[in-house]
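The values are calculated or read from the model by the stated rules, or taken from the named source; none is laboratory data. Predicted, not measured: the structure shown is a model, and the values here were computed from it. Here the Cβ positions follow ideal geometry from the backbone for every residue, glycine too, while neighbour counts run over all protein chains shown. The protein model used for the area step is the full one, side chains on, heavy atoms only, and it has no ligands, DNA or RNA in it. Shrake-Rupley method; radii C 1.70, N 1.55, O 1.52, S 1.80 Å.
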Amino acid sequence: MTIKVLLVEDSKISLVILRRILNEFPQMEVVGEAPNGLEALRLIPKVQPDVICTDLHMPQMDGLEFTTEVMSHYPKPILVLSVSVQHEDTHHIFDVLEAGAVDICPKPIAGLTMGNQAFNRELINKIIVLSGVRVFKKKPKPLVKPKPINLQDLTFAPATSYPKPKIIAIGTSTGGPPALQEILSQLPANFSVPIICVQHICQGFLQGLIDWLSATCKLPIKIAQSGYKPQPGIIYFPPEQHHLELNNQGDFVCSDKPALDGHRPSVTVTFESVAKVYGKKSTAILLTGMGRDGAKGMLAIAQAGGLTIAQDEATSIIFGMPKEAIDLGAAREVLPLGAIAPMLLELLQKQSIVQ
């Protein structure tokens, strides 16, 4: 099946190179090119692309405004192409993801060339993944805060039937940043347990993600360091290109051991480590993402007696990772994204963390 791609890029040279890269693959067809978001919007109804690849910084209409318009009128999977490392505007990329873009593909700092096989493979793989994603019209943010989900309206065991966690571990991949934001922004400043987040993300984007999440999160967010114990009320991410584990003393261990299932950091590595140290006092959450990372790790926590939650299909951008956990029998609960933070708060309510 041919994948129809629309390229939106203000650099003529970059457009030529991107077109040539895609033309190398028979399943790809470039059906349109535009130098800015305004012209791209006019093209979409005519060319009906399966995937849109857009630059972030463009004249007349940039990537953020363009994504907002696309998701309001012609919802399509959007891949953002942007230089990330040492760029002062990295947090704007996450604004684009919040607006509805599905994923990021970092441009090489030295510029696009036909000979960069690593970038070419990553670009093609991401377009293939996005071509299978269903996206929906994204409504503007409401001026009034929406009514929180009533847990009693959902079908799952009462939170009080699970052990109170001493740590919460969250794993996610494609579509993860907005999902993390929705959960973490709902947690109060006096949240009483540490949270470990493992997000598959391109190198150079981690600090931008942390800065972006910090703008809406009441809890401090840090990059974990080896030798330090996770502290209550702090959110931790592994350093870039490092696994994050806990030793027998409960201290962080950040390692550059080989990737697991193609990922470093790996969600499974972290989850399995949490299961060994915290056992039934651990809670694991697996969110939207492509692939199977995290499923076996979630099973380890479930077998240890901890609570395991998988995001449901309806609210997942890509149901791959949660589905793998569900199929493995590792998910004790399957919840819509909006119900996950309320359940965490209910789990810890008797510890008087909620005011």
Original post:
Does the stretch 5-17 hold any residues that are at pLDDT below 95, closer than 16 Å to Glu39 by Cβ and of a type outside the set (Asp, Glu), and which are they?
Top reply: Ser11, Lys12, Ser14, Leu15
Original post:
How many residues does the stretch 57-96 hold that are at pLDDT below 90 and closer than 22 Å to Glu122 by Cα?
Top reply: 11
Original post:
Can you name the residue in the stretch 191-206 that is touching an Asp or Glu at 6+ places or on another chain (Cβ under 9 Å) and assigned to a loop (DSSP other than H, G, I, E, B) and, of all such residues, is nearest to Leu347 (Cα to Cα)?
Top reply: His200
**OP:** Using the structure shown, decide if Ile104 is within 22 Å of Gly289 (Cα to Cα), crowded, with 18+ Cβ neighbours inside 10 Å and modelled with pLDDT under 95.
**Re:** yes
Subject >> Residues (part of a loop (DSSP other than H, G, I, E, B) and in contact with a helix residue (DSSP H, G or I) (Cβ under 8 Å, 6 or more places away or on another chain)) located in the stretch 1-22 >> reply: Glu9
Original post:
So, of the residues in the stretch 39-48 that are closer than 12 Å to Val8 by Cα and touching a strand residue (DSSP E or B) at 6+ places or on another chain (Cβ under 6 Å), which turns out to be most open to solvent (accessible area, probe 1.4 Å)?
Top reply: Leu43
**OP:** Would you tally the residues in the stretch 130-170 being at pLDDT 85 or above, open to solvent by less than 20 Å² (accessible area, probe 1.4 Å) and either in contact with an Asp or Glu (Cβ under 7 Å, 6 or more places away or on another chain) or farther than 29 Å from Ile234 by Cα (or both)?
**Re:** 2
Original post:
Take the residues of the stretch 271-297 that are touching a strand residue (DSSP E or B) at 6+ places or on another chain (Cβ under 8 Å) and over 15 Å from Ala325 (Cα atoms): which is most open to solvent (accessible area, probe 1.4 Å)?
Top reply: Lys276
Original post:
On the given criteria, is Ala300 assigned to a helix (DSSP H, G or I), touching a residue at least 60 places away in the same chain (Cβ under 8 Å) and either open to solvent by less than 20 Å² (accessible area, probe 1.4 Å) or not hydroxyl-bearing (Ser, Thr, Tyr) (or both)?
Top reply: no
Original post:
What pairs come up if the first residue lies in the stretch 244-264 and is without any contact (Cβ under 8 Å) to a residue 60 or more places away in the chain, the second is of a type in the set (A, V, I, L, M) and assigned to a loop (DSSP other than H, G, I, E, B), and their beta carbons are under 8 Å apart, counting only those six or more places apart or on different chains?
Top reply: Leu244/Ala224; Phe252/Ala224; Cys254/Ala224
Original post:
Picking from Ala284, Ala310, which residue would you name as being part of a strand (DSSP E or B), within 12 Å of Ile168 (Cα to Cα) and touching a Leu at 6+ places or on another chain (Cβ under 8 Å)?
Top reply: Ala284
Original post:
Inside the stretch 202-214, can you point out the residues that are under 13 Å from Pro178 (Cα atoms) and either surrounded by 22 or more Cβ atoms within 10 Å (Cβ to Cβ) or not polar (S, T, N, Q) (or both)?
Top reply: Leu209, Ile210, Trp212, Leu213
**OP:** Select from the stretch 10-32 the residues that are of a type outside the set (S, T, N, Q), in contact (Cβ under 8 Å) with a residue 60 or more places away in the chain and open to solvent by 30 Å² or more (accessible area, probe 1.4 Å) and list them in ascending order.
**Re:** Ile13, Arg20, Glu24, Phe25
